[in-house]
Each structure stands twice: as C-alpha cells, then as structure tokens.
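Here's the structure we're looking at; comments come further down.
The values are calculated or read from the model by the stated rules, or taken from the named source; none is laboratory data. From a predicted model like this one, the values you see are computed outputs, not experimental measurements. Virtual Cβ from ideal backbone geometry, glycine too; neighbours counted across all protein chains shown.
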Amino acid sequence: MDAVFLITDGSAWAFPSSSNGEGTGTASRCAERLEAGDFFGEELLELFWEPSSNMFNLSKVPIYSKSLKTHTKVEAFALMANDLLKRK
C-alpha cells in the first residue's frame, strides 16, 4: 500500500484481493465501480491518521485489500506514502 489515487476521469473496478494480495481476476458481485471523484487506497490515509500506525516503517505497511482494474481510460492523482511522511 504505497499510494492513494483520486480518479479524475474514467472508470475502474475495485475487486477484493485474495489473501496473497492478488485480485480475483473475474467480475464479482463484490466489485465496486469507481468513477471521477472516487478514491482508491483510502486505507493509507486511515493509517496516516492513526497515531499508533506503522506508517513510519513503510516495509510494515499492509498490502491493499482491493485490486484495481480499469474499465475505461483513467486519469488520476496519486498521493504517495512518502509524500505523506514528509508532512507528518
């Protein structure tokens, strides 16, 4: 988990990851459609604001709980974990 993405254009699907961090690879009822204005990787922001988090040791930050697959061409802003560390 090294970035938070804000989708500014296009659409994508977020699939739950398996225990080894790989996506399901198939369409699922659990898939979430993401469009302009939606975030992916918000768990990183939650970690950043948690006082007792492992945020300062990036090797201990967990993997994403979801995998992202674009549905159309997607443009997004990325906020990297290292950028968050510079602000804390």
Selected residue (criterion: modelled with the highest pLDDT) from residues of region 9-32 that are aliphatic (A, V, I, L, M) and either under 9 Å from Leu68 (Cα atoms) or exposed (fewer than 15 other Cβ atoms within 10 Å of the Cβ) (or both):
Ala12
Members of region 33-48 found to be out of contact with any Phe, Trp or Tyr (no Cβ under 7 Å at 6 or more places or on another chain) and either modelled with pLDDT of 95 or more or more than 21 Å from Lys86 (Cβ to Cβ) (or both), listed by number
Glu35, Ala36, Gly37, Asp38
